[in-house]
Amino acid sequence: MAALVDGDQTAYAALVTRHADRFLSVATRLMGNQVNAEDMVQEAFIKLLTSADKFNAEAGRFTTWFYRVVSNRCLDELRRKRPAALPEGYDKEDEKAQTDASLLERDKKNAIKGALDRLPERQKLAITLCYYQELSNKEAAEVMDINIKALESLLTRGRQSMKSQLATQKSELL
Amino acid sequence: MRTIERKIFKEIVEAYGAKAAHWPADMRDSCEDFAASQEGSEILRGALALDASLDIVPAPTPASQVFLAKLQALPKQVKAASSVTRASLLEKLRWRIPELNNWLRPGALSAQGTALATALVLGVWVGGQEAVAEQTPFDEELALLELTPQADSNLDDLLLDEALEEKQQ
């Protein structure tokens, strides 16, 4: 990061190669699709280039700081953007080509993804960071700028909410 | 070995799930010990189902080479954009401040320039006139002062000449 602040382009290239995937991953989970996630990550990298000097190496690791930049950008966008209407018939697929088993599997995946997407943003971010990105509780709390107790509270409520959503959907499906 | 209470283990599992890898590092060993007990496995059972559901959600596709190339190209773009930004700062100000916008229109620039030049010339001329106006009374007075002695001396000379002529007669 020090090299990047000094304008070293090799340092920037190394950062992208090493870390772009993990930031794109968290952005995709938050945004719900890869196209929007790429936009968010790209904007975060532009911010990195224009304000790398704002990163305080003594205050924490680069990845923690940049997770915060990316996730804040995603949350801002989600709050700003109203969900666009889906085109008519977007969910009509050629169901004849699929077996019952694969249809059930697809429905299950959609139900789980839907339950995850319906969580409040902060709960979703907490689960994404701790469960999918496998950050330690300390790191995830730093990314979210909260203490560990608050993080655990978000995780617990998020998981409980998912459980109850999935239980309702399961009973509806059956 | 540190032991933990059932309540704490339950709280940890409810927050972090059933996978030991996700548990807080400083409590992982004692949690694993508790998880091996019957009480522990009962608590884990509830969390395992949700973990399995979360695992079904497919992992996002890794960053494509095209996207990575786009990110790698950003420094050049940011550098180019910053020079354009400097050049367009005035342009942005034009649209933010309508008065400035009116003043900076190409057509208006010559008119404004002419008006400014006229005002400048008028200002200098008026200033000059004021300076002359301020100087005139003083100069006239000075001239009078200069003329009066001269006139007086001329009169004296005339009177002297007349007196000499009378004496001679």
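Any read-out appearing in this document is the output of simple, stated calculations on the displayed coordinates, not a laboratory observation. Every value quoted in this text rests on a predicted model; they were computed, and no experiment measured them. Note that each Cβ is placed from the backbone with ideal geometry, even for glycine, and that neighbours are counted across all protein chains shown.
General observations
- For region A:99-174, relative contact order (Cα pairs under 8 Å, six or more residues apart, normalised by length) works out to 35 percent.
- Entry note, region A:1-84: relative contact order of 32 percent, from Cα contacts under 8 Å with a spacing of 6+ residues.
- With each label modelled as a point 7 angstrom along the Cα→C-beta vector, the residue A:168-residue B:118 pair spans 7.5 nm.
- Within 10 Å of the Cβ of each residue in A:126-133, the mean number of Cβ atoms contributed by other protein chains is 3.
- Inter-label distance, residue A:33 to residue B:81: 2.2 nm, where each label sits 7 Å from its Cα along the C-beta direction.
- Pairs from A:47/B:79; A:149/B:10; A:109/A:163; A:170/B:19; A:47/A:138; A:54/B:76 whose Cα-Cα separation, in the structure shown, is over 18 Å: A:170/B:19; A:47/A:138; A:54/B:76
- Averaging 1/r over every pair of different alpha carbons in region A:1-84 and inverting the result gives a Kirkwood radius of 13.2 Å.
- Sites residue A:160 and residue B:19 - FRET efficiency at Förster radius 25 Å, r taken between beta-carbons, to 0.05: 0.90
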